[in-house]
Structures are given as C-alpha cells and as structure tokens.
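The values are calculated or read from the model by the stated rules, or taken from the named source; none is laboratory data. Not measured: the values here are computed from a predicted model. Cβ placement follows ideal geometry from the backbone for every residue including glycine, while neighbour counts extend to all protein chains displayed.
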Amino acid sequence: MTAESVINEIRESLNGRPGQPIVFGVCRSLADRFGKEPWIFRAVAIVLTLIWTIPAVAAYIILGLTLSETENRTRRFFSGLAVIIREGVQKFAESLRDMFRPERV
C-alpha cells in the first residue's frame with residue numbers, strides 16, 4: 001500500500017456523499033470558502049477533537065451556528081435534540097412519580 005493510496009482512501013472516506021453534510025456541514029463550508037477539499041478540514045477536525053475534545057466540539061458548534069451555510073441545519077439539530085431531551089425528562093419524572101406513589105388497595 002502506497003502513501004498515495006492511503007491518502008486517496010482517507011479522502012474518499014472523509015468526503016462523504018455529494019451534497020450531503022456528514023454532521024452540520026462545517027468542514028464542507030470551510031473548504032468551499034478557502035478553495036480546498038473537505039477531507040482536509042474533516043481530518044483536521046478529527047485530530048483536534050482527539051487532542052482537545054471539548055474546545056474542538058465547542059468550536060465546531062459555534063462555527064455551525066455562525067456560518068450562514070450551516071446555521072439552519074445546526075439550529076434544527078439542536079431544536080430536535082431539545083425535544084428529545086424534554087420528552088426523556090418527562091418520562092423519567094413520570095416513572096419517579098409512579099415509583100413513589102402509594103399503592104391503593
């Protein structure tokens with residue numbers, strides 16, 4: 001296996017399907033702005049996330065919310081996440097109420 005084939009494999013894996021963002025589309029948007037290939041930004045994002053997880057994820061989310069190309073997708077994601085969390089908390093609260101509710105005989 002040559003270095004060229006390894007790089008091509010990484011490039012194909014990190015480019016995703018045409019027009020389909022892998023998460024929020026931040027790396028593709030940055031690649032378009034800087035005239036580079038998306039796989040370069042995705043590889044950098046992965047490495048940064050492995051080294052500095054919380055700052056890298058925070059930066060990715062902030063970029064997702066501030067880049068005009070990704071803002072709507074990011075906001076929809078967090079709106080959906082809020083609904084899922086709210087429903088989960090409601091179910092958990094109901095189960096706690098049922099657990100501590102006195103039994104009627």
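Residue-by-condition table, conditions (1) at pLDDT below 85; (2) surrounded by 10 or more Cβ atoms within 10 Å (Cβ to Cβ); (3) hydrophobic (A, V, I, L, M, F, W, C):
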site	(1), (2), (3)
R17	yes, no, no
R28	no, yes, no
R33	no, yes, no
I85	no, yes, yes
A93	no, yes, yes
R101	yes, no, no
Taking the range 35-67 and keeping residues surrounded by 13 or more Cβ atoms within 10 Å (Cβ to Cβ) and more than 24 Å from L81 (Cα to Cα) leaves E37, P38, W39, I40, F41, A43, V44, L48
Take G80 and decide whether it is surrounded by 10 or more Cβ atoms within 10 Å (Cβ to Cβ), at pLDDT below 90 and among the small types (G, A, S).
yes
What about S79, is it more than 12 Å from the chain's Cα centre (by Cα) and within 18 Å of A31 (Cβ to Cβ)?
no
